[in-house]
1. Of all residues in region 17-36, which are under 30 Å from Phe102 (Cα atoms) and of a type outside the set (Asp, Glu)?
2. What pairs come up if the first residue lies in region 208-229 and is closer than 15 Å to Leu143 by Cβ, the second is assigned to a loop (DSSP other than H, G, I, E, B) and not polar (S, T, N, Q), and their beta carbons are under 6 Å apart, counting only those six or more places apart or on different chains?
3. Filter region 1-46 down to residues that are within 21 Å of Asp130 (Cα to Cα) and in contact (Cβ under 8 Å) with a residue 12 or more places away in the chain, then give me how many there are.
4. Across region 152-181, what is the total count of residues that are within 19 Å of the chain's Cα centre (by Cα) and closer than 25 Å to Asn210 by Cβ?
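Taken together, the values in this text are just the output of simple stated rules run on the coordinates, not laboratory data. Since this is a predicted model, take the numbers as computed values, not measurements. Don't worry about glycine lacking a Cβ; one is built from the backbone with ideal geometry, like all the others, and counts go over all protein chains shown.
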Amino acid sequence: MLTSLDRGIQIMKYIAINRCASVSEIAQEFGVDKSTASRILSVLARHDLVYKKEGTMKYYSSVGTLLFSTRTISNSMILDEVRPCLRQLAEKVNMTAQIGVFLQNRIFLIDQVKGKDSRFVQEPAFPGMDEPFHCSALGKCILAHRTREEFDSILETFGLFGYTDKTITDPQILLEEMETVRQQGYAIDNGELSPRVFCLAVPVFDREGNVTFSLGVSGNTNFPENEKLLSYIVSEVKKAAEKLQHKYSVKDIV
């Protein structure tokens, strides 16, 4: 019983990390026959933890895992202070404010407060979902402060998928972008993940001095061409980040 439970949890983790997996891939990875792999996946699917995508042989993480992650995050002590900070930031810049965390080599959106101009964003983010490293502002802030070895490992694991025609898909250009992020102290996603959605984020250093969190804002708008407006947004996001700087580490939310 415990062995089956352990294997089921490992399979869930495998699918989450690799985005999807077939019965054959699961059987090969865990050294079991296909019938056993199929039975475990069927049980996980019955509890909405994975689902089989129509027209494919692949299984993906399902809404059940999202329920667990959002419940864990919403019960976290860290949000007692983060939520007011996000609310104040959203009101000041009239955009949606959000915070992400680098956990288990992925970036998760852990909380957000919607701004007035973001209520009707066509492709909204929500707490519990993961953000791509290379084309989200939250992700770029985290990626820019990883070592070169970590950078290469992340690219090898997740690749550089082109979400829009603005997404950076060239590793060398992305490296240059990371240097820009480090120098200016903030990252921008101007339609790189979702068309017509602008995001700006800054790194938040944890108690150990590492960039574990990133704080940002997003809106259903284009890049602010007004330099004064952009400067104001950057300033307010940095001020909000300073309030959270060095207060937390990943241990506070797991």
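1. Result: Ile17, Asn18, Arg19, Cys20, Ala21, Ser22, Val23, Ile26, Ala27, Gln28, Phe30.
2. Hits for this filter: Val211/His145; Thr212/Asp206.
3. 12
4. 14
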